[in-house]
Amino acid sequence: MKKSILLTLAIIFTGVLNAQEFYGEATYMSKTKTDMSWMPEGREMSPQQKKRIEERMKKMGEKTYVLKFNRNESIYKEEKELSAPGQGGGMGNFMGTSMGGEKYKNLKEGQWIEQRDMMGKMFLIKDSIPQLEWKITGETRMIGQYQAIKAVAYKKNNELDWSSFRRRRGDSAEEKKKDSLALANGNIEEVFEQDPQVEITAWFTPQIPVQHGPAEYAGLPGLILEVSAGNTTLLCSKIEVNPEEKEDIKPATKGKETTEEEYNSLFKEKMREMSERWGRGRRGRGE
């Protein structure tokens, strides 16, 4: 059955691509479940403060992205809302600007390029597109007007993906207090841990015959409409195929060239420095 599905997909995919140059735009909504069990309770944090933090973290995990693609190339970027005066600063803004650049993928060359701003310094990350070993299950479902087929794979967890971390300790008041003190001193790794790899579940449609998908995902015989990894799900909510207005798909060119591994190491060091400064500031105020 699987061989029959793959053969049918290959015929559809090749026929449509040979028929015309393909261009499309897909909008994705992201949702991320965040573990907030580490937050202290009682005198250390009021219910109002806890609720505000929970709402802020929830908003950080709900975003809108647009994927613009042709046969071999794509650009994936977040649609950002304008922040009200006095909002959008602090650690959340640092995380957003440092991790939220436009991601360009070139399937023919097997390369992705992303421009990121870390504390006012621009970096240009160039690396290879992850080659996932997708297994097409044959299971199908409708996503909007498109028939989608399920595929699964495993990938190495991104060490900067905050949504994939979980607490090391339990939920007792004493353990939460230990976590609070560790975070105040900048010891983030003492509080959280991460699995080395994560299972990916994707739903793709051969009705849109390109091998693109949101974020770093690609390589299936049809556009990926939905993908779930750990606590995060990306779901396509709108598709336009061959619209009248088409955007040139080109990578960013400015910034210090680096690899993802090198960038992640530098980012972690900056985060550690910021946490230590924050901890020293709290201790200086007697908190």
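The values are calculated or read from the model by the stated rules, or taken from the named source; none is laboratory data. As the structure is a prediction and not an experimental result, all values here were calculated from the model. Please note that ligands, DNA and RNA were not included when accessible areas were found on the heavy atoms of the full protein model with its side chains. Shrake-Rupley method; radii C 1.70, N 1.55, O 1.52, S 1.80 Å.
Could you provide, to the nearest whole Å², the per residue accessible area of segment 196-267 with probe 1.4 Å?
Ligands and nucleic acids excluded, the figure is 49 Å² per residue.
Accessible surface of Thr253 in the full protein assembly, 1.4 angstrom probe, to the nearest 10 Å²?
Looks like 110 Å² after rounding.
Given a 1.4 Å probe and heavy atoms of the protein chains only, how would you sort Lys270, Lys155, Lys250, Lys178, largest accessible area at the top?
Lys250, Lys178, Lys270, Lys155
May I ask you to rank Ser74, Ser172 by accessible area, largest first, using a 1.4 Å probe over the protein chains only?
Ser172, Ser74
Beyond 32 Å between alpha-carbons counts as too far, so tell me which of Lys51/Lys246; Lys135/Lys178; Lys33/Lys150; Lys178/Lys254; Lys150/Lys178 fall in that bin.
In this structure, Lys51/Lys246; Lys135/Lys178; Lys178/Lys254; Lys150/Lys178 exceed 32 Å between Cα atoms.
Share of segment 99-153's accessible area from carbon and sulfur, percent, 1.4 Å?
Exposed carbon and sulfur together represent 44 percent of the surface.
In whole Hz and in residue order, list the ³J(HN,Hα) couplings for segment 213-227 that follow from phi through the Karplus curve 6.51 cos²θ - 1.76 cosθ + 1.60, θ = phi - 60°; x for Gly and Pro.
Going residue by residue, I get x, x, 6, 8, 7, 5, x, 9, x, x, 4, 7, 8, 8, 8 Hz, with x marking Gly and Pro.
If you roll a 1.4 angstrom probe over the protein chains with everything in place, what fraction of the accessible area of segment 196-268 belongs to carbon and sulfur, to the nearest %?
44 percent
Which ³J(HN,Hα) values in Hz, rounded to whole numbers, follow from the phi angles of segment 22-29 under the Karplus curve 6.51 cos²θ - 1.76 cosθ + 1.60, where θ = phi - 60° and Gly and Pro get x?
9, 9, x, 9, 10, 9, 10, 10
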